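S.K.: Questions regarding the structure given below will be posed in turn.
The values are calculated or read from the model by the stated rules, or taken from the named source; none is laboratory data. All of these numbers come straight from a predicted model, not from anything done at the bench. No Cβ is skipped: glycine too gets one built from the backbone with ideal geometry, and neighbour counts run over all protein chains shown. Only protein heavy atoms, including side chains, enter the accessible area calculation; ligands, DNA and RNA are left aside. Shrake-Rupley method; radii C 1.70, N 1.55, O 1.52, S 1.80 Å.
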Amino acid sequence: MKTPITVAYGDGIGPEIMTATLRILDASGGQLELERIEIGESVYKKGLSNGIEPSSWDSLRRTKVFLKAPITTPQGGGFKSLNVTVRKTLAMYANVRPCASLYPYVATKHPRMDLVIVRENEEDVYGGIEHRQTNQVAQCLKLISRPGSERIVRYAFEYARANKRKKVTCFTKDNIMKLTDGLFHRTFDEIATEYPDIEHEHWIVDIGAAKMADTPEAFDVLVMPNLYGDVLSDVAAQITGSVGLAGSANIGDHCSMFEAIHGSAPRRAGQNLANPSGLLHGAILMLVHIGQSDAAERVHNAWLRTIEDGVHTYDIYKEGTSSEKVGTSEFADAVIARLGKKPEHLKPVEYAKGVHMDLAIRPAPAAATKARAGVDLFIDRPDGNPDVIASEMQRFGVEGTRLTTISNRGTKVWPNGNPDTYWSDHWSCRFESDGVPFTADRVVALLDAANRAGFDVIKTEGLYTFDSERGYSLAQGE
Ligand code: NAD
């Protein structure tokens with residue numbers, strides 16, 4: 001039984017590395033039925049701003065598996081990232097990137113590195129919800145959801161179990177972002193209890209990242225919110241010795257996409273120079289995903305043997321270590337010639353057969369009781385003074401409300417501000433309940449009063465408690 005997959009040859013070096021990869025897959029016994037779609041430059045040039053033909057979505061919906069070569073994103077405005085479009089449209093929530101060093105065959109400072117980064121792929125600041133609110137200040141909204149965190153964390157633990165990995169580490173910055181990163185961390189701790197066979201730990205992302213860059217062998221599977229994962233998965237790939245060797249999987253419930261992590265390298269295109277290993281790694285992840293672990297194992301071990309035998313493309317070729325400098329096509333021939341062989345020095349891979357990853361979404365916990373406790377009015381006031389703003393606002397006279405703090409970019413400046421704090425034109429003025437329920441009417445009345453007093457209110461943010469627990473941050477200094 002052949003598995004239908006959608007393939008796109010992409011731009012630049014894309015067609016060469018895709019041809020090489022598909023030749024290896026074919027020779028490996030992989031049972032694939034290919035559906036080809038066009039993406040990238042040629043489609044952008046037709047005036048389609050996201051680089052994909054509308055009809056291609058039908059193929060992706062049908063096959064649910066996408067092997068994609070890199071594309072060239074045109075310069076200038078008006079073009080949307082194809083990757084982001086595909087990931088978000090098809091809800092590919094997990095980005096999985098294995099990073100293992102190939103010492104001594106590929107030079108690296110980290111001979112024992114073998115880790116996998118599982119990056120949340122849909123949330124965090126990647127909603128790209130941004131607003132410029134004053135002359136001096138712009139904001140970007142960071143959104144972390146409980147279901148989004150649960151899915152990615154569960155994926156990381158299930159991945160660890162399926163791949164016989166021993167530990168899952170979570171990176172967040174919840175000492176500062178107690179509600180967003182705090183939610184991710186809490187969800188991690190909670191889900192971890194369902195996997196007593198797997199060790200778990202949490203690091204604050206700054207020191208965790210430093211440790212990973214210095215001693216990557218201390219980590220096994222890492223799970224983290226989108227932005228940290230974006231940055232650190234590139235760092236991890238680079239310190240194995242070459243970003244050119246890594247592949248990645250974008251996993252969703254409806255469709256999953258597999259690719260190399262590098263771009264289309266236009267300067268290398270059409271010269272039979274490019275290393276197909278990154279895309280081949282994406283394809284190996286794909287074979288495992290569609291249940292063809294035998295073929296995945298054969299390809300991966302033949303590839304390790306090729307690297308070990310010193311048959312290298314120009315990007316990893318090194319006098320003394322390498323034995324033969326080859327082009328894209330000859331590299332594919334060398335891998336094909338080694339199918340069925342295992343590496344002699346590097347550790348051979350073994351992919352578990354028929355492992356089921358239990359990714360079912362669990363019923364949501366009972367919803368907490370939500371109550372409004374106040375409102376933050378954000379105002380634009382150049383050359384403002386917090387004492388003056390406070391005295392004007394204290395005259396609003398909206399019954400049952402009380403101005404409690406004013407902050408500037410998160411730092412309290414009233415009451416009892418520090419004269420050394422810098423004041424931008426962006427102020428947050430917090431009104432809380434004065435002993436009675438803080439109804440929506442009071443928010444409207446405050447907005448009306450602020451408007452009549454000449455304040456430029458740029459946004460409001462509701463303050464809520466959930467089961468009596470505060471659901472909003474305090475200003476620094478409060
Ligand atoms: P790039 O990854 O294409 O190239 C960076 C460097 O790595 C270049 O020196 C290149 O020659 C080398 N390189 C990359 N892949 C190689 C390979 N397989 N073998 C040998 N050498 C390789 O990054 P870039 O130059 O910044 O971007 C080029 C284009 O790729 C841009 O249009 C960018 O938007 C696009 N891009 C696409 C994707 C994608 O489709 N997923 C990802 C990143 C960049």
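S.K.: Restricting region 39-56 to residues that are away from the ligand (no atom under 12 Å from the Cβ) and in a helix (DSSP H, G or I), which is nearest to the chain's Cα centre (by Cα)?
M.R.: Going through the qualifying residues, I end up with Ser56.
S.K.: Which of the numbered conditions does Asn418 fail, given that it passes all the others? Conditions: (1) closer than 28 Å to Glu469 by Cα; (2) exposed (fewer than 12 other Cβ atoms within 10 Å of the Cβ); (3) touching a strand residue (DSSP E or B) at 6+ places or on another chain (Cβ under 9 Å).
M.R.: (1)
S.K.: Now for a separate question. Only residues that are in contact with a strand residue (DSSP E or B) (Cβ under 7 Å, 6 or more places away or on another chain), surrounded by 16 or more Cβ atoms within 10 Å (Cβ to Cβ) and not acidic (Asp, Glu): list them for region 32-55, please.
M.R.: The answer is Leu32, Ile37, Ile39, Val43, Gly51, Ile52.
S.K.: How about region 273-298: which of its residues are under 24 Å from Ala107 (Cβ atoms) and either away from the ligand (no atom under 16 Å from the Cβ) or not hydroxyl-bearing (Ser, Thr, Tyr) (or both)?
M.R.: Going through region 273-298, the residues under 24 Å from Ala107 (Cβ atoms) turn out to be 273-282, 284.
Within region 273-298, Leu273, Ala274, Asn275, Pro276, Gly278, Leu279, Leu280, His281, Gly282, Ile284 qualify.
S.K.: Exactly one of these conditions fails for Arg298: (1) charged (D, E, K, R); (2) under 16 Å from Leu102 (Cβ atoms); (3) modelled with pLDDT of 95 or more. Give me its number.
M.R.: Looking at each condition in turn, Arg298 falls short on (2).
S.K.: Also, quick follow-up: Cβ-Cβ under 8 Å, sequence separation 6+ or interchain: first residue in region 229-245 and under 18 Å from Asp124 (Cα atoms), partner open to solvent by less than 10 Å² (accessible area, probe 1.4 Å) and within 11 Å of the ligand (Cβ to nearest atom). Which pairs?
M.R.: Ser233/Ser248
S.K.: Let me ask something else about it. From the list Asp114, Asp26, which residue is open to solvent by 70 Å² or more (accessible area, probe 1.4 Å), in contact (Cβ under 8 Å) with a residue 40 or more places away in the chain, more than 16 Å from the ligand (Cβ to nearest atom) and acidic (Asp, Glu)?
M.R.: Matching residue, one of Asp114, Asp26: Asp114.
S.K.: Moving on to the next point. Out of Ile251, Ile239, Ile261, which single residue is of a type in the set (Val, Ile, Thr) and either modelled with pLDDT of 95 or more or more than 14 Å from Arg97 (Cβ to Cβ) (or both)? So that I can check it myself, show each step before the final result.
M.R.: Working: Ile239 fails: either modelled with pLDDT of 95 or more or more than 14 Å from Arg97 (Cβ to Cβ) (or both); Ile261 fails: either modelled with pLDDT of 95 or more or more than 14 Å from Arg97 (Cβ to Cβ) (or both).
Just one listed residue meets the conditions, Ile251.
S.K.: Return the residues of region 261-272 that are polar (S, T, N, Q) and more than 6 Å from the ligand (Cβ to nearest atom); say none if nothing qualifies.
M.R.: So the first thing to find is which residues in region 261-272 are polar (S, T, N, Q), and the list is 264, 271-272.
Listed by number, the residues that qualify are Gln271, Asn272.
S.K.: Right, something else. For region 398-423, how many residues meet the condition of being of a type outside the set (D, E, K, R), part of a loop (DSSP other than H, G, I, E, B) and closer than 19 Å to Glu461 by Cα? Outline the logic, then answer.
M.R.: Within region 398-423, the first condition is being of a type outside the set (D, E, K, R), and the residues that meet it are 398, 400-401, 403-408, 410-411, 413-419, 421-423.
Filter again for part of a loop (DSSP other than H, G, I, E, B), leaving 398, 400, 410, 415-419, 421-423.
So of that shortlist, the ones also closer than 19 Å to Glu461 by Cα come out as 398, 400, 410.
So the answer is 3.
S.K.: Give me the residue from region 235-260 that is surrounded by fewer than 22 Cβ atoms within 10 Å (Cβ to Cβ) and near the ligand (Cβ under 10 Å from one of its atoms) and, out of that set, farthest from Met18 (Cα to Cα).
M.R.: Out of the qualifying residues, it is Ser242.
S.K.: Given the conditions (1) open to solvent by less than 20 Å² (accessible area, probe 1.4 Å); (2) touching a Phe, Trp or Tyr at 6+ places or on another chain (Cβ under 7 Å); (3) modelled with pLDDT of 95 or more, report the number of the one that Pro15 does not fulfil.
M.R.: Here Pro15 clears every test but (1).
S.K.: While we're on this one: Specify which of the listed residues (Ala20, Ala8, Ala69) is among the aliphatic types (A, V, I, L, M), within 19 Å of Ile261 (Cα to Cα), within 13 Å of the ligand (Cβ to nearest atom) and over 25 Å from the mean Cα position of the chain (by Cα).
M.R.: Working: Ala8 fails: over 25 Å from the mean Cα position of the chain (by Cα); Ala69 fails: over 25 Å from the mean Cα position of the chain (by Cα).
Checking each option against the conditions leaves just Ala20.
S.K.: Would you confirm whether or not region 145-166 contains a residue that is open to solvent by 20 Å² or more (accessible area, probe 1.4 Å), closer than 20 Å to Glu217 by Cα and assigned to a helix (DSSP H, G or I)?
M.R.: Yes, there is a match, as at least one residue in region 145-166 is open to solvent by 20 Å² or more (accessible area, probe 1.4 Å), closer than 20 Å to Glu217 by Cα and assigned to a helix (DSSP H, G or I).
S.K.: Out of the residues in region 316-331 that are under 34 Å from the mean Cα position of the chain (by Cα) and farther than 16 Å from Thr21 by Cβ, which is farthest from the ligand (Cβ to nearest atom)?
M.R.: Lys318
S.K.: Going by the conditions given, is Ile389 assigned to a strand (DSSP E or B), surrounded by 13 or more Cβ atoms within 10 Å (Cβ to Cβ), β-branched (Val, Ile, Thr) and modelled with pLDDT of 95 or more? First the steps, then the outcome.
M.R.: Details: assigned to a strand (DSSP E or B): no; surrounded by 13 or more Cβ atoms within 10 Å (Cβ to Cβ): yes; β-branched (Val, Ile, Thr): yes; modelled with pLDDT of 95 or more: yes.
Judged against the criteria, Ile389 is not a match.
S.K.: Continuing with the same structure: Does Asp309 count as among the acidic types (Asp, Glu) and at pLDDT below 95? I'd like the intermediate steps shown before the answer.
M.R.: Details: among the acidic types (Asp, Glu): yes; at pLDDT below 95: no.
Answer is no for this residue.
S.K.: Also, I was wondering about something else. Kindly indicate whether any position in region 91-98 is surrounded by fewer than 20 Cβ atoms within 10 Å (Cβ to Cβ) and more than 15 Å from the ligand (Cβ to nearest atom). Show your work before the answer.
M.R.: In the first step, residues of region 91-98 are kept if they are surrounded by fewer than 20 Cβ atoms within 10 Å (Cβ to Cβ); the result is 91.
From what is left, the residues that are more than 15 Å from the ligand (Cβ to nearest atom) are 91.
There is at least one residue in region 91-98 that is surrounded by fewer than 20 Cβ atoms within 10 Å (Cβ to Cβ) and more than 15 Å from the ligand (Cβ to nearest atom).
S.K.: So, Arg381, is that one open to solvent by 10 Å² or more (accessible area, probe 1.4 Å) and more than 27 Å from Ile176 (Cβ to Cβ) or not?
M.R.: Numbers: open to solvent by 10 Å² or more (accessible area, probe 1.4 Å): yes; more than 27 Å from Ile176 (Cβ to Cβ): no.
So Arg381 fails the test.
S.K.: Further question: Considering only region 198-294, give the helices (runs of 4 or more DSSP H) lying wholly within it that have at least 3 residues that are touching a Gly at 6+ places or on another chain (Cβ under 8 Å) and closer than 30 Å to Ser42 by Cα. Spell out how you get there, then give the answer.
M.R.: On the way: elements: 205-214, 226-239, 277-289.
By residue number, 277-289.
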